[in-house]
Every structure is written in C-alpha cells, then in structure tokens.
Amino acid sequence: MTSQTPDGQSEPGGAPLVDGPADPEHDPRAAYRLEPDYVASLTERIVSTSGETVAVYSPLDGAPLAHIPQSSDDDVAEAFARARAAQARWARTPIEMRAAALLRLHDLVLDRQDEIIDLTVLESGKARKHAFDEPIHIALTARYYARTAEQHLETRRTSGVMPVLTRVEVNRVPKGVVGIISPWNYPFTMALCDGIPALLAGNAVVTKPDSQTMLTALYGAQLLEEAGIPRDLWQVVSGPGRRIGGGIIGRADYICFTGSTATGKVIAQQCAERLIGCSLELGGKNPILILRDADVEKAAEGAVRGSFSNAGQLCVSMERMFVADQVYDRFVERFVARTKAMTLGASLDWGNDMGSLISADQLATVVAHVDDAVAKGARVLAGGRARPDLGPYVYEPTILEGVTPDMTCFGEETFGPVVSLYRFHDEAEAVARANDGEYGLNASIYSRDGRRARALAAQIKCGTVNINEAFGATFASIDSPMGGMRESGMGRRQGSEGIHRYTESQSVATQRGLTLGPAFGMSDETYAKVMTASLRLMNKIGRA
C-alpha cells in the first residue's frame, strides 16, 4: 500500500517516511513527532494481520506521526468474535460495576487531558482551546451515564391490563455488539462518546475510527482499559470504509455512524437489509438568527465561536447567518472586527483562536467554495485566503456577503471557516430561510426575549436549537438528546435516547387469578359482556 506525503510524493506503506539527508532542525518532515515506541503501544491495539499500513502526518507542519496498520475483512471477523465472547460475560456484570468503571474513566480523562489534547492537536491541527473541549465532553458523558445508569437501565414496572392481577415488567436487554464508525473532526470525543452508553448498557463495541486521527482514538481505548473496561470488549479496526465498512455492518447488531449524508444513506440501506437499527449524525448547513433585540456584542462573540471553532470543521457549526435589518450594520461591524482580531496558528501552544484544517482535501474544498462565490459576485468582508505561512492547511476565517443560490456555498456544506451573511426583514421570513434546504442539524437564535426565541425555535426544523449560544448549550447538556432532522440524520445521542438505542425492550407479564379468557363454564358471549363492562368502568375511573 502507498500513501501520499504532504508534498504529494508516494511512499510504500511500512517503509521509512523520510529518505535522503533531510535535516530535522530545518525540515519537520524529516523526523517523527512522536516516539516510535509510544506509537507502537497504541497501534498494537488495532486488529490487523494484513501487514499493510498507511502513513499519517500532522497537519500542523507535515511531520510524520505514524504508520497505521490496516485491517482486512478477516481481521474484522476476528474483532467481532472477540467482542461477542467478551460481551456475553459483560452483560452479566452488575450495572453498578459498569457505572463505576465510567466514573474512573471520568477522572482518568481529566487527569490525562494534556496528553489527550496534544494527540488531538497533532492529528487534527485544531487550536488547543478547541481540543480542550474533547476531554471535557467525554468526562461529562461518562459521569452522566454512570450517575443515571439505574434510571435508564433498571427493570421498571408498568401498568397491567388487570389492576393487581397483571404484573408487567420491562427489561432493557443489550443489543450485543455495536459497530461505531467515527470521524476525524473531533477524534477523542467522537471515538468515545457514542460507545460509552453502549458499554454501560451491556454491549461490546467494534469501532473504526478515521485513519487520520487513529492515535487519539487508540489512546481513548487505552484509557477505557485502565478504567476497568475489559480489553476485548472494545475492539479497534482500521481501514477505508469501502474496504471494511461492509464487514462491520454485516456483523454488528447496531450501527452508529457520524459523517456525510451520502455515506449515511448507504449505511442506512445496508442496515435495513439486515433489519438492524442505526443512528446517523450527518451533514448540516446550520443557520444562526440574530433578531432585532439581540445583544449585538454577545451575538458577535457567539457568531465567531459558532462559525470558526475547529476552523469550521464541526457538524453543528454555523454556515448561514440571518441578521435583522434593525441591527445588521452594528452586528456586522462587531462580527467582522472580532473575526479580524482572531489569532491564527498551527501549534501545540495555547493562545490561538483558530488552528488548521486537517488536510489538503479539506483546504481545497474551502478554497473552491470561496473562489466560486467571489467569482460570481460575493463580497469578502474578512479572510478569504489560505495562510501557508502559518501552516500547510491554514485558511483565514472568512465572512461572505451577497451569496446567492447559484454559488456552491449557498446550499452545500463547506465544513470549513466560511460563513455567509444575509439580511432579513421579518422573523417569519428568517425562519423560512433557515428551513431552506434538506438539512436540519443545529440552529442558533440570539434575542433578549427568551420566550419569543423559544417560540421561533419550535418552528425551526433542526434537532437542536441554542438560544443566546451557538452550540455548546445543547451539546454539553448530556441529559438532552442530540441529532438531526431531515437529511442531517436519524436517531439521537445523549440522554435516554442515547443509551436506549443500544437496547431491546423486553416486556415480561405475570398473570394471577383471573385468566384473560372465559372462566370455566362461562360462554364467550358472557365473557365479551363482562369485558365490555370492565372497560367502561376503567374509563370512568380515569385509568389509562
């Protein structure tokens, strides 16, 4: 197998990443950023016997990071075999013991956050302050599900058809082995956040993280084991979806996928053929509404975070901004000023407001969208150019005005630091324009009138809506569900829905005394009359 270096040269997988007399002091591509023994301690967790590897490089400076072993379909089969054996034992483990492991994970993640952040920045190129969000989110997720385990999973009593005589209990039975396919944009968060409730519910996990950010995901797997999760319960495979994705879907009892809408549709079809469930968090073209009574300074601050966190490579980030006439000029002035004041950089240090895009492909998409818009008449109010002086894939945070439907970035997701401004005259128009298109992941509304903003939120076709906040209020509130409407996905992570998706409901009813049929010697006609009278009585006394 071959891979591409940052300068476009091919290299055989497994061969040295650097040839010739390159000097590490002057060329970052001449030496690994991580110690080989450390990398090996992580990559040995991948189930791989193919002998093939893929080279990965840091988007910070093009320095080599690792060769990632690649899995074959036989490796995927082996991973599922190990997971199934482990799951049978884990399902018998008391819920309180599973929850205790998650609480240990909570503390481990906080204790090791510097190492997590370093790996995340090295692999993704994001600013350190945005990488910090990832261990915090996993700590929140682990603690929430540990503290609410019994609430979500304990057997519960429900009403029986005959009061006193019919006892009904509902059990939560684990699905079995969950397949998780996670993306590169939030490599620690997305590698773990969906699997944590799956483990708590009694399942095993086979996960395929993106190869670009595999090391961060593998470090998460190491922390799970240190917290007390049996190693075989969390299996990691590696490789392109076209090669091993079908093997994962063909063997799993449930699939969780985060990625593009196009791929999500294919996965949904494959799951439907096997009659297994899936949850899909897909693309978005997320709107933010700045109403006439918004606090302009607060809205401008939120707009910067909402548009440019992780260089816009965030599923819930904002790419369309609708601003009321009454505050448009004041808001734009403050938004542009804040954007131009941002500190850009590609480094492990604190202090950068925005980091790098992850790859040449991602940069090419951003450049193409902005260049297309400008060529067709859009105006650049801030940004609009790559910054190779800061890093190979750095692109300035960009604000566009005058974007029209014939421009690519009008309706297509850019997934980069680009946002388009639109003026609106009345709020019904703003809601209608926010609902344009087929996506429906996240939205934001800024207003001093919370009641009015909440009423507008109910009209927006998005799975989450944040008021006076860009995305963090919903994303960090783990007790509330998160996911997309329309072509932004199906199913939800977080809250009760985020763990119940990994279980089957099983109803167990015990009947005492009277049977649900005619007593000995009673005619069917008499039984029908007695039952009819009973139903009328139950309705009269208000029983459900």
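A few remarks follow.
- Selection within region 218-232 - outside any helix (DSSP H, G or I) and open to solvent by 10 Å² or more (accessible area, probe 1.4 Å): G228, P230
- Within region 417-433, if we keep just the residues that are in a helix (DSSP H, G or I) and under 26 Å from the mean Cα position of the chain (by Cα), the residue that is surrounded by the fewest Cβ atoms within 10 Å (Cβ to Cβ) turns out to be R433.
Rundown of residues vs (1) over 16 Å from F188 (Cα atoms); (2) more than 20 Å from the chain's Cα centre (by Cα); (3) of a type in the set (A, V, I, L, M, F, W, C); (4) not in a helix (DSSP H, G or I), yes/no style:
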residue	(1), (2), (3), (4)
A81	yes, yes, yes, no
L103	yes, yes, yes, no
I117	no, no, yes, no
E134	no, no, no, no
H137	no, no, no, no
Q151	yes, yes, no, no
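- Annotation note: of A198, A217, the sole residue that is out of contact with any Cys (no Cβ under 7 Å at 6 or more places or on another chain), over 16 Å from L119 (Cβ atoms), among the small types (G, A, S) and at pLDDT 95 or above is A198.
- Top-ranked residue of region 437-460 - restricted to ones that are in contact with a helix residue (DSSP H, G or I) (Cβ under 8 Å, 6 or more places away or on another chain) and surrounded by fewer than 17 Cβ atoms within 10 Å (Cβ to Cβ), ranked as farthest from A386 (Cα to Cα): Q459
- Scanning region 194-229 for residues that are more than 15 Å from R84 (Cα to Cα) and among the aliphatic types (A, V, I, L, M) yields I196, L200, M214, L215, A217, L218, A221, L223, L224, A227.
- With a requirement of 2 or more residues that are touching a Pro at 6+ places or on another chain (Cβ under 8 Å), the helices (runs of 4 or more DSSP H) lying completely within region 434-544 that satisfy it span 495-500, 524-540.
- In region 477-494, the residues that are farther than 21 Å from I138 by Cα and free of Cβ contacts under 8 Å to residues at least 60 places away in the same chain reach residues that are open to solvent by less than 50 Å² (accessible area, probe 1.4 Å) and assigned to a loop (DSSP other than H, G, I, E, B) with C-beta atoms within less than 8 angstrom, at least six apart or across chains, in these pairs: M485/G440; M485/L441; M485/C462; M485/G463; R486/G440.
- Residue in region 505-514 that is buried (at least 16 other Cβ atoms within 10 Å of the Cβ), at pLDDT 95 or above and under 30 Å from G259 (Cα atoms) present: no
- For A79, the criteria (1) surrounded by fewer than 20 Cβ atoms within 10 Å (Cβ to Cβ); (2) touching a residue at least 40 places away in the same chain (Cβ under 8 Å); (3) small (G, A, S) hold in every case but one, which is (1).
- Only one of the numbered conditions (1) within 25 Å of A198 (Cβ to Cβ); (2) surrounded by 24 or more Cβ atoms within 10 Å (Cβ to Cβ) is violated by E319, and that is (1).
- Residue match in region 334-343 (condition: in contact with a strand residue (DSSP E or B) (Cβ under 6 Å, 6 or more places away or on another chain), within 30 Å of M490 (Cβ to Cβ), β-branched (V, I, T) and touching a residue at least 24 places away in the same chain (Cβ under 8 Å)): no
- Flag for G489 being within 30 Å of E150 (Cα to Cα) and either open to solvent by 50 Å² or more (accessible area, probe 1.4 Å) or out of contact with any Ser or Thr (no Cβ under 6 Å at 6 or more places or on another chain) (or both): yes
- Listed by position, the strands (runs of 3 or more DSSP E) enclosed by region 153-217 that each have at least 3 residues that are open to solvent by 10 Å² or more (accessible area, probe 1.4 Å) and at negative phi are 156-158, 166-174.
- Matching option when the condition is closer than 22 Å to Y186 by Cα, modelled with pLDDT of 95 or more and open to solvent by 10 Å² or more (accessible area, probe 1.4 Å), among E281, E273: E281
- Selection within region 358-410 - open to solvent by 40 Å² or more (accessible area, probe 1.4 Å), outside any helix (DSSP H, G or I) and either of a type in the set (S, T, Y) or more than 29 Å from P187 (Cβ to Cβ) (or both): K376, G377, R379, V380, L381, T404, P405, D406
- Residue-level analysis places D61 among those that are open to solvent by 10 Å² or more (accessible area, probe 1.4 Å), assigned to a loop (DSSP other than H, G, I, E, B) and either over 20 Å from Q222 (Cα atoms) or touching a Gly at 6+ places or on another chain (Cβ under 8 Å) (or both).
- Taken over region 155-211, the criterion of being of a type in the set (K, R) and touching a residue at least 40 places away in the same chain (Cβ under 8 Å) is satisfied by R167, R172, K175, K208.
- Helices (runs of 4 or more DSSP H) contained in region 233-329 and holding at least 1 residues of a type outside the set (S, T, N, Q) and under 30 Å from N468 (Cβ atoms): 296-308
- Within the set T263, T207, T189, the sole residue that is polar (S, T, N, Q) and farther than 24 Å from R143 by Cα turns out to be T263.
The values are calculated or read from the model by the stated rules, or taken from the named source; none is laboratory data. Being a predicted model, the structure only gives us computed values, none of them experimental. Note: ideal-geometry Cβ built from the backbone for every residue, glycine included; neighbour counts use all protein chains shown. Each accessible area value is taken on the protein alone, full model and side chains, heavy atoms only, with ligands, DNA and RNA left out. Shrake-Rupley method; radii C 1.70, N 1.55, O 1.52, S 1.80 Å.
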